[in-house]
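Worksheet for the structure shown next.
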Amino acid sequence: MDSLCRYLLYNDALTALPETSRTADARHLLRADLTRRGAAWCRAQSDLIDGWLARLLADAMDETDDSVALVAVGGYGRQELCPGSDLDVTLLHDRRVDPTRLGRLADRIWYPIWDEGFHLGHTVGTVRQALALADDTLETATALLSARHLAGDRRLTEQLATQASRNWEKRSRRWLQAVATNVAARHQRVGEAAFRLEPDLKEAHGGLRDVHALRWAQAARAIVLDYDEAPLSDAYAVLLDARVELQRRTGKPSNVLTLQEQDGVAHALGLADADVLMADVAAAARRIAWTSDDTWRRVESTLAGPAARTGQRPRALGDGVVLCDGEVTLDQGASVGHDPTLALRVAVAAARHGAVIERHALERLTVVAPPLGDPWPAGAAALVVALLAEGQAAIPVIEALDHGGVWTQVLPEWRVVRSQPQRNAYHRFTVDRHLLETAAQASALVDRVGRPDLLLIAALLHDLGKGRPGDHSLVGRELSRTLATRMGFPPSDVETIECLVGHHLLLADVASRRDLDDPMTIARVAEALGSVERVRLLAALTEADSLATGPTAWSAWKAGLVADLVGRVEQLLTGQEGDRAGEGDEVTFPSSRHRALLALPGRHIEARADLLTVVTPDRSGVFSRVAGVLALHGLDVVAASAYSASSGEEGDEGRALAEFRVVDHIRRDVPWPRVVADVDLALDGRLALGARLDERSQTYDRPGPFSRRPTEASVGFDNAASTGATVIDVRTVDRTGVLYRITRALTELDLDICSARVQTLGPDVVDSFYVRDDQGDKVTDQAGWREIERAILHALTA
């Protein structure tokens, strides 16, 4: 147990401990040792365990002369023993060992390992038996490629390692195909490491296992290109560092880097914050994924053989660009060092033909191709537009250019957003990938606009301001002006691109957070955009941006709101705003149907499809009570409006109208009869809403499919957004009864709620309320704002 003893002597506080307890305490100290990280930590733990297992074998042998050997395989064999790794060990013996004595020997080794809390993967057998098992099982065959001697008869270990390697090479075709199939299935099952909010550092596409697979393939035949080796090793080290620190912090074998652990892992690695960590992880994972994909594409082409190739002669695509067997390459006469548009022409050809850029051609472009300069040469902007117009086919091509450093010669500003994380559940991609996905979505919408080129360029640039100080829309607006001018667009087009980038959130925000029946809402959007052409371009950009963001960012409800807003703004800009008056009963609030209900005595509750309408004698808290009942039944409110009317006669308490549009994420049909019955009870003061919502919250307000950092609630005020009301914007973490709690706080301050817009952004909600004071006026004094903010924040934390 020399290795362990050296470690214990170094930590002299442990030298007095009994022999049986030293290993566990040494492991505990090793977990806390901040001088080692990543591979160094793994080697230290492997050394510690090596010495301990050697001593276990020596003690178990009782000085017999049996020929046995203890062998580390798999990750332990590679000396990559992470804090949560399994111990994979093989006990080899020759045929002369008595089976009964062999069983006792194995028990005296395995049981102490289990007692230490390790998860043990173990086998016992002869060299021939171990090799036979490897012949049938990919997992065993790959594990034996890293067989490493621990103790006992070294001759047995050498026989196993040598023959396992020979068998792997001898059956290389079979094993390469098996590994390729396994890699593809794992990618499909686990997804991307680079773009996940909480990536699997080991099993995902671009994870550590992809590098293991490449090493296994390399052991069969030389397939990894020389200039891929160093970048691949560097990327692997980044992920291994993060995995080790993750498992040290959690004490668990998990490989998923959860949100709640990202800050701690970043701190342990000496990084500024979790954003830096996740950018490093994304960049490393992308490097691994790209190298893996490129390598396995070449392997599969080799395995398929000449018969699987097209047999077509190389096809010249013009000016030195050639298409051959699914790859775009360069002929010898291509003027790589003199033509700044050559890389873009290669990219367009690859995307258009569903091909990849051949590796050596990409390397030539990386090393020799000149930058586009300022301004761009004629035709360069048209090539970028043509590339983006290919949609999803353009994404892997642009990422290949980015991998080689060519894309940042096209757009130097891209460096800031490359692999930049967006650490919220709303976005599913890093910033740079989101920009490419938005452009791909926009390519499917070009028939809706008169200037597809401006739509595609704006989609590519719209979030380029992220990662820089300041509001990313304003920063992006300035960047887009610079870039569009550099690309050679005329001033009027530059202004349009600048407008689209600067206002890329406008339609979605206004449609979901503002009252579309308020003339001020429509006027402000029309003033910001200025022309019908820009409105239509921005509508397409909004849809593309939302679709690229994530599954919760675009829905039929949101699409309908945006379409309604766009239609109203277009009519205002064309002088046809009065034409909407006869378009339908639901256009304005309150509509003629609502007024008919208000004229009836008593209480009326109507429920149909996703809409609940309540008309009742006016009293304090109608809005909040209905909102509370809807929350109690698990219904999410996406929009709500309220209205109060009085006959003006003395003693008339007036009439209240509240209408709620809801979404039921659990059931196909809303259980309206039960909801309506509870609304009646709540309005009569016979339902303990606060208590019931607290009980529901304890049951349902649990962590979602991923962990997250809590959102700090915020309250904002806007008196310019409406002609007759103050708009209060509230952002907070989603939980049961949020709308009820906020509106109850507003009611207690005698604020009349005219309407509400509610939207969920991942785990957060952004609610907007149009309110008036008890005199029917806007709230204009700062002291009143402070009291409202205090009441809302208290309600959200109570």
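The values are calculated or read from the model by the stated rules, or taken from the named source; none is laboratory data. These numbers were taken from a predicted model, which means no experiment stands behind them. Heads up, the Cβs are rebuilt from the backbone with ideal geometry, glycines too, and the neighbour counts pull from every protein chain shown. Keep in mind that these areas ignore ligands, DNA and RNA; they rest on the heavy atoms of the full protein, side chains included. Shrake-Rupley method; radii C 1.70, N 1.55, O 1.52, S 1.80 Å.
For the structure I just gave you, tell me whether A272 is open to solvent by less than 10 Å² (accessible area, probe 1.4 Å) and under 25 Å from A39 (Cβ atoms).
So A272 does not fit the description; no.
Look at D515 and say whether it is among the charged types (D, E, K, R), assigned to a loop (DSSP other than H, G, I, E, B) and open to solvent by 10 Å² or more (accessible area, probe 1.4 Å).
Yes: the conditions hold for D515.
Checking E198 against (1) open to solvent by less than 10 Å² (accessible area, probe 1.4 Å); (2) charged (D, E, K, R); (3) touching a Phe, Trp or Tyr at 6+ places or on another chain (Cβ under 6 Å), only one condition comes out false. Which one?
Here E198 meets the rest and fails (1).
Pairs needed: first member in region 108-122, more than 11 Å from Y76 (Cβ to Cβ); second member anywhere, in a loop (DSSP other than H, G, I, E, B) and among the charged types (D, E, K, R); C-beta distance under 7 Å; at least 6 residues apart or different chains.
If the second residue must be in a loop (DSSP other than H, G, I, E, B) and among the charged types (D, E, K, R), the pairs left are H119/D86.
Can you tell me which residues in region 491-505 are within 14 Å of L464 (Cα to Cα) and either open to solvent by 40 Å² or more (accessible area, probe 1.4 Å) or of a type in the set (S, T, Y) (or both)?
Passing the criteria: H503, L505.
Output the qualifying pairs, or none if there are none: Cβ atoms under 7 angstrom, residues six or more apart or on different chains, first residue in region 135-153 and touching a residue at least 40 places away in the same chain (Cβ under 8 Å), second residue open to solvent by 20 Å² or more (accessible area, probe 1.4 Å) and not in a helix (DSSP H, G or I).
So the pair list comes out as A143/D88; S146/R78.
Within region 751-765, can you find the residues that are within 24 Å of the chain's Cα centre (by Cα) and either under 15 Å from V663 (Cβ atoms) or open to solvent by 20 Å² or more (accessible area, probe 1.4 Å) (or both)?
V758, Q759, T760, L761, G762, P763, V765
Taking the options R36, R22, name whichever one is at pLDDT below 55 and either among the hydrophobic types (A, V, I, L, M, F, W, C) or surrounded by fewer than 22 Cβ atoms within 10 Å (Cβ to Cβ) (or both).
None of the others qualify; the one that does is R22.
Out of (1) touching a Ser or Thr at 6+ places or on another chain (Cβ under 6 Å); (2) open to solvent by less than 10 Å² (accessible area, probe 1.4 Å), what's the single condition that is false for D47?
Only one criterion in (1) touching a Ser or Thr at 6+ places or on another chain (Cβ under 6 Å); (2) open to solvent by less than 10 Å² (accessible area, probe 1.4 Å) is unmet by D47, namely (2).
Scan region 189-210 residue by residue and report those that are in contact with a strand residue (DSSP E or B) (Cβ under 7 Å, 6 or more places away or on another chain) and either outside any loop (DSSP other than H, G, I, E, B) or among the polar types (S, T, N, Q) (or both).
If the condition is that a residue be in contact with a strand residue (DSSP E or B) (Cβ under 7 Å, 6 or more places away or on another chain) and either outside any loop (DSSP other than H, G, I, E, B) or among the polar types (S, T, N, Q) (or both), then V190, E192, D200, H205 are the ones that fit.
If A347 satisfies all but one of (1) buried (at least 19 other Cβ atoms within 10 Å of the Cβ); (2) within 18 Å of E413 (Cα to Cα), what's the number of the condition it fails?
The failed condition is (2).
Checking the conditions here, which among S233, S254 is of a type in the set (S, T, N, Q), within 28 Å of S165 (Cβ to Cβ) and either open to solvent by 10 Å² or more (accessible area, probe 1.4 Å) or under 22 Å from the mean Cα position of the chain (by Cα) (or both)?
Testing whether each residue is of a type in the set (S, T, N, Q), within 28 Å of S165 (Cβ to Cβ) and either open to solvent by 10 Å² or more (accessible area, probe 1.4 Å) or under 22 Å from the mean Cα position of the chain (by Cα) (or both) leaves just S233.
Could you name every one of the strands (runs of 3 or more DSSP E) located completely within region 544-650 that has at least 1 residues being at pLDDT below 85, more than 30 Å from S443 (Cα to Cα) and not acidic (D, E)?
636-645
Can you pull out the residues in region 348-393 that are in contact (Cβ under 8 Å) with a residue 24 or more places away in the chain and of a type in the set (V, I, T)?
V348, V356, I357, T366, V368, V384, V385
Looking for whichever is surrounded by fewer than 21 Cβ atoms within 10 Å (Cβ to Cβ) and touching a helix residue (DSSP H, G or I) at 6+ places or on another chain (Cβ under 7 Å) here; the options are R468, R364. Which one fits?
Matching residue, one of R468, R364: R468.
What number of residues within region 735-764 are touching a Gly at 6+ places or on another chain (Cβ under 9 Å) and either among the charged types (D, E, K, R) or outside any loop (DSSP other than H, G, I, E, B) (or both)?
Of the residues in that region, 9 qualify.
All but one of (1) loosely packed, with under 15 Cβ neighbours inside 10 Å; (2) in contact with a Pro (Cβ under 8 Å, 6 or more places away or on another chain) hold for E192; which doesn't?
Against the list (1) loosely packed, with under 15 Cβ neighbours inside 10 Å; (2) in contact with a Pro (Cβ under 8 Å, 6 or more places away or on another chain), E192 comes up short only on (1).
Give the residue, chosen from G405, G391, that is open to solvent by less than 10 Å² (accessible area, probe 1.4 Å) and within 27 Å of the chain's Cα centre (by Cα).
Only one candidate qualifies: G391.
With of a type in the set (D, E, K, R), at pLDDT below 90, out of contact with any strand residue (DSSP E or B) (no Cβ under 7 Å at 6 or more places or on another chain) and open to solvent by 20 Å² or more (accessible area, probe 1.4 Å) as the only criterion, which of R674, R735, R744 stands out?
R735
Of everything in region 115-127, what is surrounded by 13 or more Cβ atoms within 10 Å (Cβ to Cβ) and of a type outside the set (G, A, S)? Give them in sequence order.
Selection gives E116, F118, L120, H122, T123, V124, T126, V127.
Do you know which residues across region 374-432 are aromatic (F, W, Y) and under 20 Å from R451 (Cα atoms)?
Of everything in region 374-432, nothing turns out to be aromatic (F, W, Y) and under 20 Å from R451 (Cα atoms).
So which residues in region 466-493 are assigned to a loop (DSSP other than H, G, I, E, B), free of Cβ contacts under 8 Å to residues at least 40 places away in the same chain and within 27 Å of the chain's Cα centre (by Cα), if there are any at all?
Residues satisfying the conditions are P469, G470, D471.
Restricting attention to region 534-543, which residues are in contact with an Asp or Glu (Cβ under 9 Å, 6 or more places away or on another chain) and within 12 Å of S443 (Cα to Cα)?
The answer is none; no residue qualifies.
Look at region 36-74 and say how many of its residues are within 14 Å of S146 (Cβ to Cβ) and free of Cβ contacts under 8 Å to residues at least 24 places away in the same chain.
Residues that pass the stated criteria total 0.
Counting only residues that are in contact (Cβ under 8 Å) with a residue 40 or more places away in the chain, in a helix (DSSP H, G or I), under 26 Å from A274 (Cβ atoms) and not β-branched (V, I, T), how many does region 394-434 have?
Residues in region 394-434 being in contact (Cβ under 8 Å) with a residue 40 or more places away in the chain, in a helix (DSSP H, G or I), under 26 Å from A274 (Cβ atoms) and not β-branched (V, I, T): 5 in total.
Is there any pair with a first residue in region 439-465 that is over 25 Å from P421 (Cβ atoms) and in a loop (DSSP other than H, G, I, E, B) and a second that is open to solvent by 10 Å² or more (accessible area, probe 1.4 Å) and at pLDDT 95 or above whose Cβ atoms are under 6 Å apart and which are 6 or more apart or on different chains, and what are they?
V449/R536; G450/E533
Taking the options G251, G318, name whichever one is in contact with a Pro (Cβ under 8 Å, 6 or more places away or on another chain) and over 21 Å from H205 (Cβ atoms).
Going through G251, G318 in turn, just one is in contact with a Pro (Cβ under 8 Å, 6 or more places away or on another chain) and over 21 Å from H205 (Cβ atoms): G251.
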